[in-house]
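K.L.:
I have a structure I would like to understand better, so I am pasting it below and will then ask my questions one at a time.
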Amino acid sequence: VAFVAFFVLVSAIRVLRERRLSQPELRLSVNLSTQSLASESLVGFVTDKLVQYNVDPGALVFEVAEARALVDTEATRRLVKDLRVLGCRVAAEAFGTGFFSFAYLRALDADFLKIDAALAGGRPDDPLDLAIIASLVRIARVTGKSIIAECVEDPLTPSPVASRIDAA
């Protein structure tokens, strides 16, 4: 499993290098598995590859799901801290679906809250969908985090969250 994770990371970093001139604002997200979160060599590997390919660490976003992170909360906090010190960004994945508790949100120092597709892709005219999204956006703003929404390609996509997101 570690081989696959490292292969995906190298592939993402290569894409960032290849497209840095034509798409300087490009960010790529990599979802961290439970095994990746437990890897003591992950930060060193990421550091080496960012240097090797001369890629801005801020263009690389690591997504952490609570279900995976709860396996070892303290190790996850250290990993997130180390990735952020390196300059990489971190997203709390599947936020708002019941998996990511508010207590854990306080503990995980993420840059983004990634609103799950089940909420982000809701009906733009449904009062309950709008209220849930407004609450999640408010929480993100109060905690100083940006919003990413799954399944929303741009602010014009019909969705209750489209006009409130920072990134799609």
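K.L.:
Can you tell me which of Leu105, Leu130 is part of a helix (DSSP H, G or I), within 14 Å of the chain's Cα centre (by Cα) and at pLDDT below 85?
P.N.:
Unique residue meeting the criteria: Leu105.
K.L.:
For region 19-30, name all the residues that are of a type in the set (S, T, N, Q) and either on the phi > 0 side of the Ramachandran plot or surrounded by fewer than 16 Cβ atoms within 10 Å (Cβ to Cβ) (or both).
P.N.:
As a first pass, look at region 19-30 and keep what is of a type in the set (S, T, N, Q): 22-23, 29.
Passing the criteria: Ser22, Gln23.
K.L.:
When you check Ser146 against the structure, is it surrounded by fewer than 22 Cβ atoms within 10 Å (Cβ to Cβ), among the polar types (S, T, N, Q) and at pLDDT below 85, yes or no?
P.N.:
When the stated conditions are applied, Ser146 does not pass them.
The values are calculated or read from the model by the stated rules, or taken from the named source; none is laboratory data. Owing to the predicted nature of the structure, the values given are computational and were not obtained by experimental measurement. Glycine also receives a Cβ, built like all others from the backbone with ideal geometry; neighbour counts cover every protein chain displayed.
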